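Every read-out reported here was derived from the displayed coordinates using simple, explicitly stated rules and does not represent laboratory data. Owing to the predicted nature of the structure, the values given are computational and were not obtained by experimental measurement. Because the Cβ atoms are built from the backbone with ideal geometry, glycine has one as well, and the counts that use them run over all protein chains shown.
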């Protein structure tokens, strides 16, 4: 797969000197120690680094789930640094899709109903069946989470995230609970969404092999960006082995 040379260099996220400190009482933990970063439209970015290096904290701030201790950050032209709770809720609802390591599906709802939880409140949603078809689960939409494999449940979670047609998709260890074969299916789904819809996608992982499917790779260490790499060519998720 070729690099995204012709992508519009729209800056979707920008941070300046972003910091985050957690006060545990006896000690302060500096999760982010001054992060300057740009994420661009339509790109798939992989964030690599050891546990505690700041990856999840950054994604939670960009997604409006957490607030920084210092610095500034923007979504497109809108600064969100001091946005109110109501503004952040609207921002998450209208612009951001989340995929986490654990699927967070409602056990008493079938796949279609789990996706419908999002489409009922979105501005311009897909039909739940359409979103499930996109992730290859059109034949499983009436099944409940307990009747599905881990990979299928994660793909339902992806369908739920994309059903509101988000501008950005933020994924925190989406294959962390899956074996390599099932993880490849999930990564293929994310790659397809990025390629077909141009959804700006950021994927946190400990798995260095996954970097090969990214347009750019951002390596974190001790709350800072250690380095940024750009792939001249990308592998399809099905070509990645770990």
Compute a Gaussian network model of the chain, connecting alpha carbons closer than 10 Å, and tell me which residue from 26, 113, 77 fluctuates the most.
26
Order of 226, 172, 85 under a 10 Å beta carbon neighbour criterion, fewest first
85, 226, 172
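Listing 91, 103 from the residue with the fewest other Cβ atoms within 10 Å to the one with the most, what is the order? Walk me through the numbers on the way to the answer.
Working: 91 16, 103 21.
With the sparsest Cβ surroundings first, the list reads 91, 103.
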Crossing angle, helix 85-95 versus the chain [Cα axis fit, 0-90 degrees, rounded to tens]:
50 degrees
Candidates 192, 124, 140; GNM for the chain (alpha-carbon contacts under 10 Å) flags as most fluctuating 124
Cα gyration tensor shape for segment 114-242, rounded if a/c is under 1.5, else prolate or oblate
prolate
Between the alpha carbon centres of segment 191-234 and segment 124-143 the gap in Å comes to 26 Å
Mean 1/r over all different Cα pairs, inverted: what Kirkwood radius does segment 10-149 give, in Å?
17.4 Å
Using a 7 Å offset from Cα along Cα-Cβ at residue 78, what residues in segment 93-132 end up with backbone N under 17 Å from the label point?
93-98, 121-125
So the angle from the long Cα axis of helix 180-197 to the longest Cα principal axis of the chain, reported in degrees to the nearest 10, equals 80 degrees
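Only helical DSSP H runs with n ≥ 4 go in: add -39500 (n - 2.57) per run for the chain, normalise by residue count and round the 222 nm mean residue ellipticity to 500 deg cm²/dmol. Intermediate values should be presented prior to the final figure.
On the way: 6 runs with 66 residues, N = 242.
Value at 222 nm, helices only, nearest 500: -8500 deg cm²/dmol.
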Over all alpha-carbon pairs of segment 100-180, lay out the pair-distance distribution in 10 Å bins, whole %, shortest bin first.
21, 54, 24, 1
Among beta bridges that DSSP assigns inside the chain, antiparallel share in %, nearest 5
55 percent
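Taking square-rooted eigenvalues a ≥ b ≥ c of the alpha carbon gyration tensor, is segment 82-122 rounded, prolate or oblate, where a/c under 1.5 means rounded and, failing that, a/b exceeding b/c means prolate? Provide the component values of the computation, followed by the final result.
Details: a/c = 2.90, a/b = 1.89, b/c = 1.53.
Prolate is the answer for segment 82-122, as a/c is 1.5 or above and a/b outweighs b/c.
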